[in-house]
Amino acid sequence: MNVDMDCYLLKPKTLLRYGSILDIVQAQSRRSVCFTKAYGRYVEGTGSVLQCCMENEVSSVFTNLDRLSEEEKLQKLLTLKLRYFTPREVANLMGFPESFSFPEDISIIQQYRVLGNSLNVLVVAKLLQLMSSKHFGHSEGEEQFSVS
C-alpha cells in the first residue's frame, strides 16, 4: 500500500505552538508515549511524533530556539521533518498483526480513535499469563495463556 507521508507532517502552526512540548522519537527509538484516541487531532499528550530527517540533532535545533523570531524558529523546526505516525505504524506498535487493516471508508481520524482506545495485545497476553501463574495464587496445573 502506497501512503502519502506528506499528509502526516506537522503543520507550521502546530510546530510553532507546540514544538517545545512534543515527544520526538526516531525510527530506532525504543520508546514512545501512549497514543490516545485524540492523536492526529490534538498534539499535547496524545502521542509521540517521528523525526524523519536525521541530518540535524533535536538538541541543536532546540538550543536557543526561544530567542529566535517565529520565522527562524519555524525554519529550524521544519529541518526535523516531524510527522505523526501513520495508523498502520500505531497498529504495529500495539501488536496488531500485519494482516489487520481498516475498511477503506474509515477516515484516518477514526482509525486513530479506534487505535487510541486499544491495548497492546502482546502486553495484555503477558499480563494475563502472569496473573494466572502460581505467583497469583493459582496452581501449576492450571492452563496458562500463551504469547506467540
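Counting other Cβ atoms within 10 Å, keep those with at most 12, restrict to DSSP loop, and tell me which GluC sites (Glu not before Pro) in region 9-100 are left.
Working: sites: E44, E55, E57, E70, E71, E72, E89, E98; in loops: E44, E55, E57, E98.
Passing sites in region 9-100 are E44, E55, E57, E98.
Would you mind telling me which residue in L68, L80, L50 has the biggest mean-square fluctuation in a Gaussian network model of the chain, where springs connect alpha carbons within a distance under 10 angstrom?
L68
Suppose every K and R has +1 on its Cβ and every D and E has -1 on its Cβ; what is the size of the dipole of the chain about the Cα centre, in Debye to the nearest 20?
On the way: 16 positive and 17 negative charges, 71 e Å.
That gives the chain a dipole magnitude of about 340 debye.
Kindly provide the trypsin sites (Lys or Arg not before Pro) of region 1-99 that DSSP labels as loop, not H, G, I, E or B, and whose Cβ sees at most 15 other Cβ atoms within 10 Å. The partial results should precede the final answer.
Values: sites: K13, R17, R30, R31, K37, R41, R67, K73, K76, K81, R83, R88; in loops: R30, R31, K37, R41, K81.
Passing sites in region 1-99 are R30, R31, R41.
Give me the distance in nm between label points sitting 7 Å out from Cα along the Cα-to-Cβ direction at Q28 and C7, one decimal.
It is 3.1 nm.
Let me see the P(r) profile for region 5-117: every Cα-Cα distance counted, bins of 10 Å, each bin given as a percent of all pairs.
Values per bin, smallest distances first: 13, 45, 30, 11, 2.
Excluding E55 itself, what net charge comes from residues whose Cβ is under 14 Å from its Cβ, given Lys and Arg +1 and Asp and Glu -1?
Numbers: positive: K76, K81; negative: E57.
Local net charge: +1.
Count charges around K73 for me, please; just the other residues with Cβ under 15 Å from its Cβ, Lys/Arg as +1, Asp/Glu as -1. Present the calculation step by step, with values, prior to reporting the outcome.
On the way: positive: K11, K13, R17, R67, K76; negative: D66, E70, E71, E72.
Around K73, the surrounding residues sum to +1.
State which entries of K81/K126; K37/K126; K11/K126; K13/K126 exceed 32 angstrom in Cα-Cα distance in the structure shown. Mind showing how you got there, number by number?
Values: K81/K126 36 Å; K37/K126 24 Å; K11/K126 38 Å; K13/K126 41 Å.
Pairs exceeding 32 Å: K81/K126; K11/K126; K13/K126.
Let me spell out the model: positive unit charges on the Cβ of Lys and Arg, negative unit charges on the Cβ of Asp and Glu, origin at the Cα centre of region 1-80. What dipole size does that give, in debye rounded to 20? If you can, show how the numbers build up before the last one.
Values: 10 positive and 10 negative charges, 67 e Å.
In total the dipole reaches around 320 debye.
Values quoted throughout were computed directly from the atomic coordinates according to the rules given, and no laboratory measurement underlies them. What you are looking at is a predicted structure, and each value in this text was computed from that prediction instead of being measured. Note that each Cβ is placed from the backbone with ideal geometry, even for glycine, and that neighbours are counted across all protein chains shown.
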